[in-house]
Amino acid sequence: MLEIDGSQKSGSGTILRLSIALAAILEKPLHIYNIRHRRRQPGLRPQHLESVLTAAKLCNAETEGAKLGSRELWFKPNGIVSGEVRAEIGTAGSIPMLLLTVLPICAYAKGDVTVHVVNGGTDVRHAPTINYMKHLLLPMLERTGLKSSLTVKRFGYYPKGMGEAVLKVSSGSKLRALSIKEFGEIEEIKGISVCTFLEKQRVAERQAEAATNVLRNHGYDAEIRVVNDRSNPLQKGSSIVLWAKTSGGALVGGDAIGELGKTSEAVGREATENLLNEIEAHATVDVHLADMLVPYVALADGASTYLTRKVTDHLDTNIWLMEKILDVKFQINKVGDIYRVEKS
């Protein structure tokens, strides 16, 4: 049995998410305790609980302790299945964070898998936006051999959520190592600026215009698509994601969400500043991709290397967990002002 103390390192939900995923892939029972120990509200919140229950559907797992507020969980998988599963968060809890739990499991299914998530948040605080997942994480994972697609049926924001998305993962792809050692030259900068039922205020346009102006002042042209969405009349909101691709194979991004009291221009500038931080550091993946990629390169055969501008708590935690559960070794070395992440 895998015994995991959730209070270690960051003490966050990433330990729960990846422990569940690895238990399913390895077909080993898991006992995890002190779940989200260092968070303001420890234990399973609605998004975490639904992540566990969805993962359980994907591998016919038996669970104990799978209830709201639980700080201890037993998870016994019985083989990964294919087909379609449905998840319902019921709050504005993050749909992307749920997908981060189940995506590695889907990669090991013997057939195609569809995960249909309803009544959650597509773009909420402390989580990647749904378009970040679609335009940064999934394209990067395609380089490792994982073929998938993500469709947004309805955008959802805090506090009501009500968002809906469909993840499809193709079977039969063996994970490959990833090597992105040089930044190279910027080939393109693109983005998507979305608002839901806020077109009269020109929210999506203003976010995009602010981002374009900041990038132009730094000498970069950008192609930012504006989306005036009308998918969710019950919850207005907005987000923007930007990304840059380079000749060296680097893919870096930055996103931001609209909030009460925050101007559309501030949202656009925030996302742009996040992107520029990555470009100026010459990282080959941004700080969020750096931690999200860890389980995939850990599971892949062969050595992987990429560059990140910062060693975050999530990156440190994810590496610690992979080394604890899998027979792998990571190294992080600082080279100038950047960090080289290597899995041997």
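The values are calculated or read from the model by the stated rules, or taken from the named source; none is laboratory data. These numbers come from a predicted model, not from an experiment. Neighbour counts are summed over all protein chains in view; Cβ atoms, including those assigned to glycine, are modelled from backbone coordinates with ideal geometry. In case anyone asks, the SASA skips ligands and DNA or RNA and just uses the protein heavy atoms, side chains included. Shrake-Rupley method; radii C 1.70, N 1.55, O 1.52, S 1.80 Å.
I'd like the full set of residues that are surrounded by fewer than 17 Cβ atoms within 10 Å (Cβ to Cβ) and within 20 Å of the chain's Cα centre (by Cα), limited to region 180-204.
Answer for region 180-204, where residues must be surrounded by fewer than 17 Cβ atoms within 10 Å (Cβ to Cβ) and within 20 Å of the chain's Cα centre (by Cα): just Lys190.
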Test each condition in (1) open to solvent by 20 Å² or more (accessible area, probe 1.4 Å); (2) closer than 19 Å to Lys9 by Cα for Gly336 and report the one that comes out false. (2)
Residue among Val311, Val335 that is without any contact (Cβ under 8 Å) to a residue 60 or more places away in the chain, among the β-branched types (Val, Ile, Thr), out of contact with any strand residue (DSSP E or B) (no Cβ under 6 Å at 6 or more places or on another chain) and over 30 Å from Met162 (Cβ atoms): Val335
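If you take the residues in region 6-31 that are touching a strand residue (DSSP E or B) at 6+ places or on another chain (Cβ under 7 Å) and more than 20 Å from Asp327 (Cβ to Cβ), which one is surrounded by the fewest Cβ atoms within 10 Å (Cβ to Cβ)? Before you say what the answer is, go through the steps one by one.
Step one: of region 6-31, the residues touching a strand residue (DSSP E or B) at 6+ places or on another chain (Cβ under 7 Å) are 6, 15-16, 19-20, 23, 28-31.
Pick out the ones that are also more than 20 Å from Asp327 (Cβ to Cβ) and you get 6, 16, 31.
Details: Gly6: 26, Leu16: 23, His31: 18.
Applying the filter and picking the extreme gives His31.
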Checking Ile224 against (1) more than 30 Å from Thr317 (Cα to Cα); (2) in contact with a helix residue (DSSP H, G or I) (Cβ under 8 Å, 6 or more places away or on another chain); (3) outside any strand (DSSP E or B), the condition it does not meet: (3)
Checking Thr114 against (1) touching a residue at least 40 places away in the same chain (Cβ under 8 Å); (2) farther than 15 Å from Ala87 by Cα; (3) among the polar types (S, T, N, Q), only one condition comes out false. Which one? (2)
Any idea how many residues of region 78-110 are assigned to a loop (DSSP other than H, G, I, E, B), more than 18 Å from Ser171 (Cα to Cα) and either open to solvent by less than 10 Å² (accessible area, probe 1.4 Å) or of a type in the set (S, T, N, Q) (or both)? 2
Thr317, sole failed condition from (1) part of a helix (DSSP H, G or I); (2) in contact (Cβ under 8 Å) with a residue 12 or more places away in the chain; (3) open to solvent by 50 Å² or more (accessible area, probe 1.4 Å): (3)
Residue tally, condition of a type outside the set (D, E, K, R) and over 25 Å from Ser173 (Cβ atoms), over region 315-328: 2
Among Val252, Val227, Val287, Val311, the single one that is hydrophobic (A, V, I, L, M, F, W, C), at pLDDT 95 or above and crowded, with 24+ Cβ neighbours inside 10 Å is Val252
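Which of the residues spanning region 258-268 are open to solvent by 20 Å² or more (accessible area, probe 1.4 Å) and within 20 Å of His135 (Cβ to Cβ)? Break it down into steps so the answer makes sense when it comes.
Filtering region 258-268 down to residues open to solvent by 20 Å² or more (accessible area, probe 1.4 Å) leaves 258-263, 265-266.
Across region 258-268, the qualifying residue is only Gly258.
Select, from Glu182, Glu187, Glu164, the only residue that is in contact with a Gly (Cβ under 9 Å, 6 or more places away or on another chain), closer than 25 Å to Val335 by Cα and at pLDDT 95 or above.
Working: Glu187 fails: in contact with a Gly (Cβ under 9 Å, 6 or more places away or on another chain); Glu164 fails: closer than 25 Å to Val335 by Cα.
Only one candidate qualifies: Glu182.
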Could you tell me whether any residue of region 140-156 is open to solvent by less than 50 Å² (accessible area, probe 1.4 Å), out of contact with any helix residue (DSSP H, G or I) (no Cβ under 9 Å at 6 or more places or on another chain) and not in a loop (DSSP other than H, G, I, E, B)? no
Take Leu44 and tell me if it is crowded, with 18+ Cβ neighbours inside 10 Å, touching a Ser or Thr at 6+ places or on another chain (Cβ under 7 Å) and among the hydrophobic types (A, V, I, L, M, F, W, C). yes
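Determine which member of the set Val113, Val52, Val117 is among the β-branched types (Val, Ile, Thr), farther than 20 Å from Thr14 by Cα, open to solvent by less than 30 Å² (accessible area, probe 1.4 Å) and under 20 Å from the mean Cα position of the chain (by Cα). Quick ask: steps written out before the conclusion?
Numbers: Val52 fails: farther than 20 Å from Thr14 by Cα; Val117 fails: farther than 20 Å from Thr14 by Cα.
Going through Val113, Val52, Val117 in turn, the sole match is Val113.
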First in region 27-53 and over 12 Å from Ser70 (Cβ atoms) and free of Cβ contacts under 8 Å to residues at least 60 places away in the same chain, second anywhere and assigned to a loop (DSSP other than H, G, I, E, B) and aromatic (Phe, Trp, Tyr), Cβ under 7 Å, 6 or more apart: none
